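The values are calculated or read from the model by the stated rules, or taken from the named source; none is laboratory data. Not measured: the values here are computed from a predicted model. Please note: Cβ atoms are built from the backbone with ideal geometry, for glycine as well, and neighbour counts cover all protein chains shown. Each accessible area value is taken on the protein alone, full model and side chains, heavy atoms only, with ligands, DNA and RNA left out. Shrake-Rupley method; radii C 1.70, N 1.55, O 1.52, S 1.80 Å.
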Amino acid sequence: MISLLELTKTYGRGADSVTVLDRLNFEVGAGEIFAVTGPSGAGKSTLAQCINLLERPTSGSVVVNGEDLSSLPEKRLRAARRRIGTVFQSASLLSRRTASENIALPLEYLGVTPGEIQARVGELIDRVGLGPKAHSYPFQLSGGQAQRVGIARALALRPSILLADEATSGLDPDTTSSVVELLKQLRTDLDLTVVFITHEMDTVRQIADSVARLERGRIVETGALVDLLTDHGSPLGRALQPRRGFAAADDGATTWYVTYDSADVPGDWIQRVSADLAVPVHLLGASVETVHGINTGSATLGIASEDEGLVGHVLTRYGLIGTPDGRRESGAGGAPISPVRSGAVPALEGAA
Amino acid sequence: MSAVNVSSGVGGLIYVPRADVPVAELPALLLPAYGETVLMVGIVMAVVLVIGTPLGVLLHNAAPGGLFERPALHAVLGWIISVGRSLPFLILMASIVPFTRFITGTNIGIAAAVVPMSLAGIAFFTRIVENALRSVPPSIVRVARASGGSNLQIMRSAQFGEAVPAVLGGLTIQVIAMIEYSAIAGTIGAGGIGYVAVTYGYQRFDNTVMLATILILVATVAFVQVAGDRLVRWVTPQKRLQRA
């Protein structure tokens with residue numbers, strides 16, 4: 001378990017000082033994956049460096065399993081770093097060492113005997129599924145394989161906390177998915193506490209149990225992923241959803257932007273809404289997916305009904321929230337793509 | 001090839017009959033000199049490696065962003081090295097004669113040449129090591145720190161370990177520069193192939209000897225360069241394994 005208590009990091013002194021992290025508080029339990037997201041410059045990298053103790057916080061503390069690590073003297077701080085495994089962006093492997101030798105690095109630093117190193121590295125390399133690549137050099141590994149080496153290295157000293165600092169950034173979507181699956185598997189197998197720092201919302205939806213949004217050094221919103229995704233009033237929930245383009249509605253129809261707003265939206269809701277309103281419902285664009293077994297997402301509909309109150313009411317019946325005219329509550333989004341002639345099947349982006 | 005040469009000596013203007021050294025006698029003249037050059041450069045390189053390597057690592061890590069930032073130390077050290085590097089070797093050699101004599105008790109011969117060559121070489125190599133370490137991505141050092149490495153461990157395995165090819169490439173340049181310095185040191189009677197080139201080739205207009213020393217130096221430098229390139233290739237997995 002890891003907790004941040006009033007964690008603050010300030011660079012510089014006096015009038016020129018810049019507060020990069022401003023009294024952050026959160027707690028991540030064993031077996032939980034906590035994602036921290038936010039725009040560039042929000043303080044994500046600094047947060048990562050405070051969590052893995054490469055930087056000392058200006059005030060506040062990082063508490064791991066009940067022990068305040070951030071205030072330790074330098075010598076013990078180095079030992080404390082071993083309790084937190086870090087997976088860095090693009091793995092950062094030593095180019096002149098093989099995959100095995102890279103994984104062995106933390107064990108060598110600790111002074112483990114060569115025999116034990118060999119046994120532990122063999123175990124780790126199998127766990128991340130890289131057996132045949134054990135003696136390959138980094139230039140012979142793909143991005144995903146290199147990142148698996150980085151994960152194995154982070155786990156070498158059996159940490160209870162795993163920090164992933166933009167660990168999937170720069171990887172292609174398929175590789176990202178496989179790395180995410182590996183991390184989830186390891187979390188379950190090793191009961192790891194995972195802090196996953198990223199700017200990629202797609203990855204957050206794949207991996208996180210809980211999410212916090214960091215903006216200008218502060219946590220502006222936090223909550224369980226499913227709760228955020230099914231809460232139309234949550235800016236973070238909205239930010240987590242992909243925004244797709246959509247086709248224009250037929251003449252006479254109103255464009256509705258609909259979001260899943262509860263955990264029990266039925267799978268056939270479009271048909272049901274259409275039946276209840278007794279008008280056809282055109283799907284103009286949508287992005288829907290299951291997160292932790294719950295349907296989430298948003299859709300843009302063309303509904304040939306002038307009674308906006310009724311449409312809104314019917315949508316609410318199925319756990320959805322809709323706004324007419326394709327308006328979105330939180331700022332810019334997909335603009336209508338070129339109009340589709342009446343009778344034609346609307347072009348769709350994103351699978352329903 | 002014989003001529004009469006005008007030379008000025010104590011007794012005033014005298015004529016000295018001069019003949020080039022016969023080719024058959026070249027080995028007897030050049031081999032011992034070559035041995036002296038190798039010895040001189042060898043001693044200097046040993047001193048340079050032992051002192052220059054840690055100095056380069058120290059300089060790099062005392063700099064802002066290094067493992068142990070010491071801006072004052074970095075500034076002083078950097079300044080001293082820059083002064084050493086900015087003097088042409090001939091001038092450095094001449095200007096530290098009292099120091100050389102203090103260390104070795106003489107100001108001619110191999111021992112005397114080794115002192116200024118080492119000083120110039122250390123300044124040179126310190127910069128080479130510093131530059132090589134600078135090319136190691138900072139993320140590698142972060143990884144090593146997060147892996148629980150001590151500063152010494154990080155400097156050895158992460159910084160220096162990654163910089164080995166660059167350091168060896170620099171070392172090749174350094175050895176060649178030291179061969180050149182040894183020739184310059186020849187002018188103060190340091191011995192070696194440079195001394196032969198100066199006394200026979202230059203002062204006595206012995207073209208045979210001059211040509212022979214040039215050939216030897218070109219061959220030596222070419223050999224050092226090829227060996228250095230091979231070595232760099234060998235310590236760079238990507239180059240080593242992709243050759244096959």
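Within the range A:168-186, is there a residue that is under 26 Å from A:R78 (Cβ atoms), crowded, with 18+ Cβ neighbours inside 10 Å and of a type outside the set (A, V, I, L, M)? Scanning the range A:168-186, I find no residue that is under 26 Å from A:R78 (Cβ atoms), crowded, with 18+ Cβ neighbours inside 10 Å and of a type outside the set (A, V, I, L, M), so the answer is no.
So is B:L29 modelled with pLDDT under 90 and of a type outside the set (D, E, K, R) or not? It is true that B:L29 is modelled with pLDDT under 90 and of a type outside the set (D, E, K, R).
In the range A:228-252, the residue that is farthest from the chain's Cα centre (by Cα) out of those that are open to solvent by less than 20 Å² (accessible area, probe 1.4 Å) and within 11 Å of A:G285 (Cβ to Cβ) is A:A247. Against the numbered list (1) surrounded by fewer than 18 Cβ atoms within 10 Å (Cβ to Cβ); (2) outside any helix (DSSP H, G or I); (3) within 10 Å of chain B (Cβ to nearest Cβ), A:A79 comes up short only at (2). Within the range A:82-126, the residues that satisfy the criterion of being more than 13 Å from chain B (Cβ to nearest Cβ), small (G, A, S) and over 23 Å from A:V179 (Cβ atoms) are A:G115, A:A119.
To keep it simple, each residue is scored yes or no on (1) within 14 Å of chain A (Cβ to nearest Cβ); (2) surrounded by 14 or more Cβ atoms within 10 Å (Cβ to Cβ); (3) polar (S, T, N, Q).
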{"residue": "B:V167", "(1), (2), (3)": "yes, yes, no"}
{"residue": "B:G170", "(1), (2), (3)": "no, yes, no"}
{"residue": "B:I173", "(1), (2), (3)": "no, yes, no"}
{"residue": "B:Y181", "(1), (2), (3)": "no, yes, no"}
{"residue": "B:A227", "(1), (2), (3)": "no, no, no"}
{"residue": "B:W234", "(1), (2), (3)": "yes, no, no"}
{"residue": "B:L241", "(1), (2), (3)": "yes, no, no"}
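When B:S150 is tested against the conditions (1) over 16 Å from A:E101 (Cα atoms); (2) more than 10 Å from every other protein chain (Cβ to nearest Cβ), the lone failure is (2). Among the residues of the range A:83-101, those that are in contact with a helix residue (DSSP H, G or I) (Cβ under 7 Å, 6 or more places away or on another chain), surrounded by 19 or more Cβ atoms within 10 Å (Cβ to Cβ) and assigned to a loop (DSSP other than H, G, I, E, B) comprise A:F88, A:A91, A:S92, A:L93, A:L94, A:R96.
Residues that are outside any helix (DSSP H, G or I), within 14 Å of chain A (Cβ to nearest Cβ) and surrounded by fewer than 23 Cβ atoms within 10 Å (Cβ to Cβ): does the range B:94-101 have at least one? Talk me through it step by step, then tell me what you get.
Initial filter on the range B:94-101 (outside any helix (DSSP H, G or I)): B:96.
Add one more test, that the residue is within 14 Å of chain A (Cβ to nearest Cβ), and what stays is none.
Taking every residue of the range B:94-101 in turn, none turns out to be outside any helix (DSSP H, G or I), within 14 Å of chain A (Cβ to nearest Cβ) and surrounded by fewer than 23 Cβ atoms within 10 Å (Cβ to Cβ).
Counting only helices (runs of 4 or more DSSP H) that sit completely within the range A:104-218, those holding 1 or more residues that are farther than 30 Å from A:L4 by Cα, in contact (Cβ under 8 Å) with a residue 12 or more places away in the chain and of a type outside the set (D, E) correspond to A:114-127, A:143-155, A:173-190. Scan (1) over 26 Å from B:A62 (Cβ atoms); (2) open to solvent by 10 Å² or more (accessible area, probe 1.4 Å) for the single condition B:F160 breaks and write down its number. Condition not satisfied by B:F160: (1). If only residues of the range A:57-76 that are at pLDDT below 90 and assigned to a loop (DSSP other than H, G, I, E, B) are counted, the one that is farthest from B:A158 (Cα to Cα) is A:G66.
For the range A:31-56, filtered to residues that are in a loop (DSSP other than H, G, I, E, B) and under 17 Å from A:S169 (Cα atoms), the residue that is nearest to the chain's Cα centre (by Cα) is A:G38. Of all residues in the range B:136-152, at least one satisfies being β-branched (V, I, T) and either in contact with a Lys or Arg (Cβ under 6 Å, 6 or more places away or on another chain) or open to solvent by 10 Å² or more (accessible area, probe 1.4 Å) (or both). For the range A:37-63, enumerate the residues that are away from every other protein chain (no Cβ under 14 Å), open to solvent by less than 40 Å² (accessible area, probe 1.4 Å) and among the small types (G, A, S). Within the range A:37-63, A:G38, A:A42, A:G43, A:G60, A:S61 qualify. Taking the range A:285-312 as the range and being within 19 Å of A:A249 (Cβ to Cβ), in a loop (DSSP other than H, G, I, E, B) and modelled with pLDDT of 85 or more as the test, the residues that pass are A:A304, A:S305, A:D307. With respect to being among the hydrophobic types (A, V, I, L, M, F, W, C) and touching a helix residue (DSSP H, G or I) at 6+ places or on another chain (Cβ under 8 Å), A:I33 fits the description. Filtering the range B:119-132 to residues that are away from chain A (no Cβ under 14 Å) and of a type outside the set (S, T, N, Q) leaves B:L119, B:A120, B:G121, B:I122, B:A123, B:F124, B:F125, B:R127, B:I128, B:V129, B:E130.
For B:V143, the conditions (1) assigned to a helix (DSSP H, G or I); (2) away from every other protein chain (no Cβ under 14 Å); (3) β-branched (V, I, T) are fulfilled apart from (2).
Which ones in the range A:17-36 are touching a residue at least 40 places away in the same chain (Cβ under 8 Å), exposed (fewer than 14 other Cβ atoms within 10 Å of the Cβ) and more than 14 Å from A:L192 (Cα to Cα)? A:N25 - this is the single residue of the range A:17-36 that is touching a residue at least 40 places away in the same chain (Cβ under 8 Å), exposed (fewer than 14 other Cβ atoms within 10 Å of the Cβ) and more than 14 Å from A:L192 (Cα to Cα).
In this structure, does B:P32 turn out to be more than 14 Å from chain A (Cβ to nearest Cβ), surrounded by fewer than 21 Cβ atoms within 10 Å (Cβ to Cβ) and out of contact with any Asp or Glu (no Cβ under 7 Å at 6 or more places or on another chain)?
Details: more than 14 Å from chain A (Cβ to nearest Cβ): yes; surrounded by fewer than 21 Cβ atoms within 10 Å (Cβ to Cβ): yes; out of contact with any Asp or Glu (no Cβ under 7 Å at 6 or more places or on another chain): yes.
In short, yes.
So, in the range A:124-145, exactly how many residues are of a type outside the set (V, I, T) and closer than 22 Å to A:R81 by Cβ?
Narrowing the range A:124-145 to residues of a type outside the set (V, I, T): A:124, A:126-127, A:129-145.
Those left that are additionally closer than 22 Å to A:R81 by Cβ: A:124, A:127.
So the count comes out to 2.
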